[in-house]
Amino acid sequence: MIAKLQDKQIHSFEWIDVVNPTTQELLEIAEKYSLHTKSVEDCLEPEHLPKYEEIDNVVFVILRVYDENAKPNADNIQGLTRKIAIFCSNDFFVTIHRTHQPFLDEIHKKVSFYKKPINSLQLLTKVIDYSLHTYQPPADKIEDLVDFYEEKIFLKTRLPDLLKTLYMLKRKASVSKKMITLTREIIYKLSEHVKGPYMQDLKDSYVQMDIVYDEIMDSINNLTAIYLSVASQKTNEVMRVLTIFSVFFMPLTFIVGVYGMNFKYMPELEVKNGYYLTWLVMVIVTIVVFLWFKRRKWL
Amino acid sequence: MIAKLQDKQIHSFEWIDVVNPTTQELLEIAEKYSLHTKSVEDCLEPEHLPKYEEIDNVVFVILRVYDENAKPNADNIQGLTRKIAIFCSNDFFVTIHRTHQPFLDEIHKKVSFYKKPINSLQLLTKVIDYSLHTYQPPADKIEDLVDFYEEKIFLKTRLPDLLKTLYMLKRKASVSKKMITLTREIIYKLSEHVKGPYMQDLKDSYVQMDIVYDEIMDSINNLTAIYLSVASQKTNEVMRVLTIFSVFFMPLTFIVGVYGMNFKYMPELEVKNGYYLTWLVMVIVTIVVFLWFKRRKWL
Amino acid sequence: MIAKLQDKQIHSFEWIDVVNPTTQELLEIAEKYSLHTKSVEDCLEPEHLPKYEEIDNVVFVILRVYDENAKPNADNIQGLTRKIAIFCSNDFFVTIHRTHQPFLDEIHKKVSFYKKPINSLQLLTKVIDYSLHTYQPPADKIEDLVDFYEEKIFLKTRLPDLLKTLYMLKRKASVSKKMITLTREIIYKLSEHVKGPYMQDLKDSYVQMDIVYDEIMDSINNLTAIYLSVASQKTNEVMRVLTIFSVFFMPLTFIVGVYGMNFKYMPELEVKNGYYLTWLVMVIVTIVVFLWFKRRKWL
Amino acid sequence: MIAKLQDKQIHSFEWIDVVNPTTQELLEIAEKYSLHTKSVEDCLEPEHLPKYEEIDNVVFVILRVYDENAKPNADNIQGLTRKIAIFCSNDFFVTIHRTHQPFLDEIHKKVSFYKKPINSLQLLTKVIDYSLHTYQPPADKIEDLVDFYEEKIFLKTRLPDLLKTLYMLKRKASVSKKMITLTREIIYKLSEHVKGPYMQDLKDSYVQMDIVYDEIMDSINNLTAIYLSVASQKTNEVMRVLTIFSVFFMPLTFIVGVYGMNFKYMPELEVKNGYYLTWLVMVIVTIVVFLWFKRRKWL
Amino acid sequence: MIAKLQDKQIHSFEWIDVVNPTTQELLEIAEKYSLHTKSVEDCLEPEHLPKYEEIDNVVFVILRVYDENAKPNADNIQGLTRKIAIFCSNDFFVTIHRTHQPFLDEIHKKVSFYKKPINSLQLLTKVIDYSLHTYQPPADKIEDLVDFYEEKIFLKTRLPDLLKTLYMLKRKASVSKKMITLTREIIYKLSEHVKGPYMQDLKDSYVQMDIVYDEIMDSINNLTAIYLSVASQKTNEVMRVLTIFSVFFMPLTFIVGVYGMNFKYMPELEVKNGYYLTWLVMVIVTIVVFLWFKRRKWL
Ligand SMILES: [Mg+2]
Ligand SMILES: [Mg+2]
Ligand SMILES: [Mg+2]
Ligand SMILES: [Mg+2]
Ligand SMILES: [Mg+2]
Ligand SMILES: [Mg+2]
Ligand SMILES: [Mg+2]
Ligand SMILES: [Mg+2]
Ligand SMILES: [Mg+2]
Ligand SMILES: [Mg+2]
Ligand SMILES: [Mg+2]
Ligand SMILES: [Mg+2]
Ligand SMILES: [Mg+2]
Ligand SMILES: [Mg+2]
Ligand SMILES: [Mg+2]
Ligand SMILES: [Mg+2]
Ligand SMILES: [Mg+2]
Ligand SMILES: [Mg+2]
Ligand SMILES: [Mg+2]
Ligand SMILES: [Mg+2]
Ligand SMILES: [Mg+2]
Ligand SMILES: [Mg+2]
Ligand SMILES: [Mg+2]
Ligand SMILES: [Mg+2]
Ligand SMILES: [Mg+2]
Ligand SMILES: [Mg+2]
Ligand SMILES: [Mg+2]
Ligand SMILES: [Mg+2]
Ligand SMILES: [Mg+2]
Ligand SMILES: [Mg+2]
Ligand SMILES: [Mg+2]
């Protein structure tokens, strides 16, 4: 579907938005605006990574925006992000993408109300800025999850599958981080042409998103380490309980075993208070063990 | 609240301090000093990260200072730090912030007593310098805590929640470290305009704070590692005790079990000193186990 | 075997493809095209690493492509990759390699159908591009294996040799990663001579492959960490079961041991319901232990 | 105390050595040599980090030398190092420090015997060089300790406090490493003015000290890892012993338990050789367990 | 011992090889060729690290070559490597070293047969190249050892001292890696004077050796991690066996304990098939435990 979002009225260029084009449509556009064959090939490749290119006064940019409809278990670049190809010259601004992207409408609406005309490269700067912000909602969601699991861990709730969850979160965050990092080079090259507040806004957004995902990666790593430590502490605790019980009961069980033997001549068995004396011995043994544990700070 | 801290008397510029402005007040100031719309927008965004910008001879800087009234459990940029926006030109120096910042008063007092006039960029350098120093008290506090817990760990006191505490300290220190790192680029850009002792002081402060937080992060990481190792050593100890007790008592319990059997024909039971001989065997077994442990250096 | 793949017809240079040459053949070619002795020596060294060199208007490049016939247990540069030496001047393009390389035929076929002539450096760019893509199939294979093992781990299937498998995968991926990294310098130097879409394609391929192998290394490292954690969690579980059983049975075994003693005077033994009372005590002990475990969240 | 170490005789500058000056003395010197107020302030700050500054043809350098009288448990910059402030111009060379520094006397003696005059910056280069060498003795001491503990660990001597010792060594080495790293920038800036053998000597010293402390940090980290692994291996060993004993004795104890039951009708008890047959069964069980362990390589 | 390896015949410079010189001999040479005093001092220091220096048209280089006669337990720079000092001008090439270095003879022989004259800097390039190759044999040896131990580990052979061995290998490899890294700066500075194939060969050697030692460090680190994991897996296994045995035998031992009690009134003891019913109960308990383990995949 090809839509003309913007005519050369306020601003000095046309904006053509192409959604899910057939190869035929794409070729027509390529011919109309003399787009380079190589770039059109890149458009057709759904897995292409973000990049910036200049050919004969046309700036060609590929962006990848976060796909808000990504499947919950998606964890790679193709599953989590969507490609947008942009051709940008003095006269035209062509955006090509597979699915409808609400943020482009939003930009279009904003730009329509501008009084001062902007040029197409300034629009490009704005589009990249907005595309970076598509990574904010998933970041917020991951941060909330991290806070949620953090609390659970410190309450020592048993969460047998947390490790898997954190692993999946890490993979997702890692994909977003990579896309943001690849945007840096695009910004760097574009900043040779675009100066002033639009570029400054874009750079602010980049720094913001970069730090947000740095923090997320840090948090997930820290949380994983804490989770494993807490689990390991629980094992320590379990072993302590086992050892304490064993140390208390092994001598007692031995003692009662001794007087369970069937020897003909065992003088203690004949002693009148033998049974009570045995209990006394066992109580003393128990107290000694108890004091020993106390001194070792195990109890 | 808008206060004129400084008139063009000693120094050649006005200093306008704006605390918690209404949008109306902010717009008036923006108009009066011809501030750029985009920058004013950044002023309104409470989460904005530190940055440096130059537009038409006005330097616009956003700083984040440590909030001494931060809540004890705050652990992110918004919870731990406060934004200060500064517009700085030859003629004016405008500081805008949500809450009263004592360190600005302090700078103002100092500057009032200066005999030699300074320019507004030198004042900016001084303000950034002081803003960096707001990160010193929390650093001192964390260092004291680290020393405190260090001692506890080496005394082998049981501290079940230390892991959580160290994790929280790390998150806080990490936020401060990030703000200090973002200051570096501001200093770098400002140093093109400001040379001499003011800039040198600022750079010294930066290096100082950077190293202080490097040390803190190192200390927390080391301490966490030590804590986990000490915990793991305790488990080793627990297991050793369990094993030693088991190895001593299992053969003995077996032996007394043997003579607890009710077979009709068990010659040992009839032997006169059978009972004493059994004790002798058990003593010998105990000694053998003891020597074996000694040789293995387990006792 | 020496084959002339391309005559000076469409394009302005000859392409000579030399497969598994004898030293004699190699020397003849060297003489014919005045190749530098040192470079010819490098050709003869099968272990040579990728590099780029310019001598007297001849560009000499060594590439290493992934060997699709590599032995399954190969894990070093020589076992996993094959060397291709290329001499490239205005007039000739000589490719020298030990075994037949299908991707060179593919390039040759494509180039033959070109209408616009290309120069030899553009062909070189294309060859490097294709050589990078030989690392894609092994990457896909490793990614599939990682996904396969990931699922197994999270289903807690016992995989005693997984550690070895992951270790081997890591070594293989590490070799590919190193070859790709060495290509970066070649691209950097070549990009001084070749601009435009061919170079852009090559750079895209480099970024693509670099990120693919980054992701693979990350995945393997993460998976190894997860595997070890899951194994460690199983031990925790095992210890918990042991401790729970021991804590339940040790007091009970002690109690029945007490009434197995053969003292002459043990009043309890004479009591009519002694046996049933003992069972009652044991049931109470069991319930107390159960509640204690419940409160500790061990059950 | 102010001493004139060197008059303008052989060399063209005075060397004034100021030890533990009163503020009054410091101000007099500052006035006499027109030192900048800011630099004098830095002199008064005992915690100042190393830095290099040039103001009006005066080079101002702060060094920190290792304090050979540091307390054994000191582990931060202030506790382990001493500040030296140096003002250096064509005509004078002023060194200011709190405590007597023997290495300055040594340099002074050496310089007095020189035949060729040197300039003050060359002297500064020499002083920095010597200051770096103050970090060699503590490095040697740490290396000896590391070798000492290494041997202990590999002999499997029990060293319960080694973890603490290694942690303290690491903190100390880390402080020295940081001071050496801060020297790099001083050398870099000074090398614009001083060329030739003096500077080369200084650079050699820097590389030497940098590598020495790199090695120390590596060694301590490796040794800590080894210590923890050895400790963990000991736990493995302990668990193996526990398991072997349990597996041998649990079936035997069960068997003797069976024939300790008091059922009226237990035919085995009446069999003539029942007791001996039971022993036979127990021997067979023991042999089976033994063989099973042998096959598993646990014995 | 001073030997003139090369007269100004084919090549335009003399090559003087000085083996283990007395201080007297060294001073004579220094005077004859006007060598700088500082450089001669460096020659006398046996621990000096590799470096490159130019003084008055004389290039002074210190190399460290791997000492093939190094003691097996040597693990530092002085124990594993030997210093070679080289003075190189248009007219002379002086090599100074403590012990005979066969690779210098080899270079000498090769150079003697050259038809085209080379200059002294080209010879220097060749010497550095050969010196790098002295690190190849120890690398091969370590790689073989790593492969050997890898196989042992995966066969689960018990190797109690492997940790120590790997630790020593790592220290040795680390020393070689550091020497190779220090060569980089020498190459960088020399490459301003020497271009063409000699320099290219040297750079190839550098990249080759750098990657070889990168791989070795990686392999040792990976192998250590694997070794520890395998050891930890064995503990897991041991614990599982202990737990399985305990869970099987603890209920059985309790049951036989119950009927070993001596209460006067225990109805079960009087029941005719009480003994067989008890066996039945025990078999059922065993089957239940077995099924429970099966479901948990512990068997
Ligand atoms: Mg939180
Ligand atoms: Mg960042
Ligand atoms: Mg960041
Ligand atoms: Mg955040
Ligand atoms: Mg953080
Ligand atoms: Mg301390
Ligand atoms: Mg720093
Ligand atoms: Mg730092
Ligand atoms: Mg400190
Ligand atoms: Mg640091
Ligand atoms: Mg430190
Ligand atoms: Mg997956
Ligand atoms: Mg990349
Ligand atoms: Mg990458
Ligand atoms: Mg992929
Ligand atoms: Mg990456
Ligand atoms: Mg990833
Ligand atoms: Mg563990
Ligand atoms: Mg040693
Ligand atoms: Mg170094
Ligand atoms: Mg270093
Ligand atoms: Mg050393
Ligand atoms: Mg190093
Ligand atoms: Mg080392
Ligand atoms: Mg462990
Ligand atoms: Mg191998
Ligand atoms: Mg390399
Ligand atoms: Mg490398
Ligand atoms: Mg190799
Ligand atoms: Mg590497
Ligand atoms: Mg490798």
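The values are calculated or read from the model by the stated rules, or taken from the named source; none is laboratory data. This is a predicted model, so every value here is computed, not measured. So basically every Cβ, Gly included, is an ideal-geometry build from the backbone, and we count neighbours across all protein chains shown.
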query: Can you find a residue in segment E:53-72 that is part of a loop (DSSP other than H, G, I, E, B), within 30 Å of E:Lys164 (Cα to Cα), in the same structural domain as E:Gln136 (by TED's automatic domain parsing) and touching a strand residue (DSSP E or B) at 6+ places or on another chain (Cβ under 6 Å)?
result: yes
task: Please specify each residue of segment D:232-251 satisfying the condition of being of a type in the set (Val, Ile, Thr) and either at the interface with another protein chain (Cβ under 7 Å from one of its Cβ atoms) or within 17 Å of A:Met239 (Cα to Cα) (or both).
output: D:Thr235, D:Val238, D:Val241, D:Thr243, D:Val247
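Kindly provide the set of residues from segment A:143-170 that are of a type outside the set (A, V, I, L, M), surrounded by 19 or more Cβ atoms within 10 Å (Cβ to Cβ) and at the interface with another protein chain (Cβ under 8 Å from one of its Cβ atoms), ordered by number.
Once the filter is applied, which keeps residues that are of a type outside the set (A, V, I, L, M), surrounded by 19 or more Cβ atoms within 10 Å (Cβ to Cβ) and at the interface with another protein chain (Cβ under 8 Å from one of its Cβ atoms), segment A:143-170 yields A:Tyr167, A:Lys170.
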query: Looking at (1) crowded, with 21+ Cβ neighbours inside 10 Å; (2) of a type outside the set (S, T, N, Q); (3) within 14 Å of another protein chain (Cβ to nearest Cβ), can you tell me which one E:Lys115 breaks?
result: (1)
- prompt: When you look at E:Leu280, is it assigned to a helix (DSSP H, G or I), out of contact with any strand residue (DSSP E or B) (no Cβ under 8 Å at 6 or more places or on another chain) and facing another protein chain (nearest Cβ under 7 Å), yes or no?
  reply: no
- line: In segment B:73-120, residues that are among the aliphatic types (A, V, I, L, M) and part of a helix (DSSP H, G or I) total 5
Test: E:Leu123 is surrounded by 19 or more Cβ atoms within 10 Å (Cβ to Cβ) and away from ligand 28 (no atom under 16 Å from the Cβ): yes
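If I go through segment A:128-175 residue by residue, how many of them are among the aromatic types (Phe, Trp, Tyr) and out of contact with any Phe, Trp or Tyr (no Cβ under 9 Å at 6 or more places or on another chain)? Break it down into steps so the answer makes sense when it comes.
Applying the first criterion (among the aromatic types (Phe, Trp, Tyr)) to segment A:128-175 yields A:130, A:135, A:148-149, A:154, A:167.
From the residues that got through so far, the ones that are out of contact with any Phe, Trp or Tyr (no Cβ under 9 Å at 6 or more places or on another chain) too are A:148.
Selection size over segment A:128-175: 1.
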message: Taking the criterion of being away from ligand 14 (no atom under 16 Å from the Cβ), of a type in the set (D, E, K, R) and under 22 Å from E:Leu63 (Cα atoms), would at least one residue in segment E:160-169 satisfy it?
response: no
message: Please go through segment A:216-231 and give me each residue that is aliphatic (A, V, I, L, M) and either within 16 Å of ligand 18 (Cβ to nearest atom) or within 8 Å of chain B (Cβ to nearest Cβ) (or both), ordered by number.
response: A:Ala225, A:Ile226, A:Leu228, A:Val230, A:Ala231
- request: Check whether at least one residue in segment C:174-186 is facing chain A (nearest Cβ under 9 Å), in contact with a strand residue (DSSP E or B) (Cβ under 7 Å, 6 or more places away or on another chain) and away from ligand 7 (no atom under 16 Å from the Cβ), and report yes or no.
  value: no
task: Would you mind stating whether E:Ser205 is in contact with a His (Cβ under 8 Å, 6 or more places away or on another chain) and of a type in the set (Gly, Ala, Ser)?
output: yes
statement: Going through (1) within 26 Å of C:Leu155 (Cα to Cα); (2) at pLDDT 90 or above; (3) aromatic (Phe, Trp, Tyr) one by one, A:Tyr206 fails only at (1)
- prompt: Can you find even one residue in segment A:164-185 that is at negative phi, at pLDDT below 90 and more than 16 Å from ligand 12 (Cβ to nearest atom)?
  reply: no
query: If you scan segment D:252-268, which residues turn out to be within 7 Å of another protein chain (Cβ to nearest Cβ) and in a helix (DSSP H, G or I)?
result: D:Leu252, D:Thr253, D:Phe254, D:Val256, D:Gly257, D:Val258
- line: Taking segment B:195-224 and the residues there that are of a type in the set (Val, Ile, Thr) and surrounded by 18 or more Cβ atoms within 10 Å (Cβ to Cβ), the one that is nearest to A:Thr224 (Cα to Cα) would be B:Thr224
field: Every residue from segment B:175-194 that is within 15 Å of ligand 5 (Cβ to nearest atom) and surrounded by 17 or more Cβ atoms within 10 Å (Cβ to Cβ)
entry: B:Val175, B:Ser176, B:Lys177, B:Lys178, B:Met179, B:Ile180, B:Leu182
- prompt: Got at least one residue in segment E:184-198 being away from ligand 28 (no atom under 16 Å from the Cβ) and among the small types (Gly, Ala, Ser)?
  reply: yes
- prompt: Looking at E:Asp56, E:Asp75, E:Asp67, E:Asp17, which one is away from ligand 24 (no atom under 16 Å from the Cβ) and under 28 Å from the mean Cα position of the chain (by Cα)?
  reply: E:Asp67
- prompt: Counting only residues that are touching a helix residue (DSSP H, G or I) at 6+ places or on another chain (Cβ under 6 Å) and facing chain E (nearest Cβ under 8 Å), which one in segment D:192-215 is nearest to ligand 3 (Cβ to nearest atom)?
  reply: D:Asp201
field: Condition met for C:Gly274 (touching an Asp or Glu at 6+ places or on another chain (Cβ under 8 Å), at pLDDT below 95 and at the interface with another protein chain (Cβ under 7 Å from one of its Cβ atoms))
entry: yes
- prompt: Give me the pairs: first residue in segment E:181-194 and touching a residue at least 12 places away in the same chain (Cβ under 8 Å), second residue in a loop (DSSP other than H, G, I, E, B) and more than 16 Å from ligand 15 (Cβ to nearest atom), beta-carbon distance under 8 Å, and six or more apart or on different chains, which are they?
  reply: E:Leu182/E:Leu49; E:Leu182/E:Pro50; E:Thr183/E:Pro50; E:Ile186/E:Pro50
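Here's the yes/no breakdown for (1) within 16 Å of ligand 13 (Cβ to nearest atom); (2) in contact with a strand residue (DSSP E or B) (Cβ under 8 Å, 6 or more places away or on another chain); (3) touching a residue at least 24 places away in the same chain (Cβ under 8 Å):
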{"position": "C:Asp75", "(1), (2), (3)": "no, no, yes"}
{"position": "C:Phe87", "(1), (2), (3)": "no, yes, yes"}
{"position": "C:Val94", "(1), (2), (3)": "no, yes, yes"}
{"position": "C:Glu106", "(1), (2), (3)": "no, no, yes"}
{"position": "C:Val111", "(1), (2), (3)": "no, yes, yes"}
{"position": "C:Leu132", "(1), (2), (3)": "yes, no, yes"}
{"position": "C:Pro137", "(1), (2), (3)": "no, yes, yes"}
field: D:Val212 vs. criteria closer than 21 Å to E:Asp42 by Cα and not in a helix (DSSP H, G or I)
entry: no
message: Please go through segment C:26-52 and give me each residue that is part of a loop (DSSP other than H, G, I, E, B) and under 32 Å from the mean Cα position of the chain (by Cα), ordered by number.
response: C:Glu45, C:Pro46, C:Glu47, C:His48, C:Leu49, C:Pro50
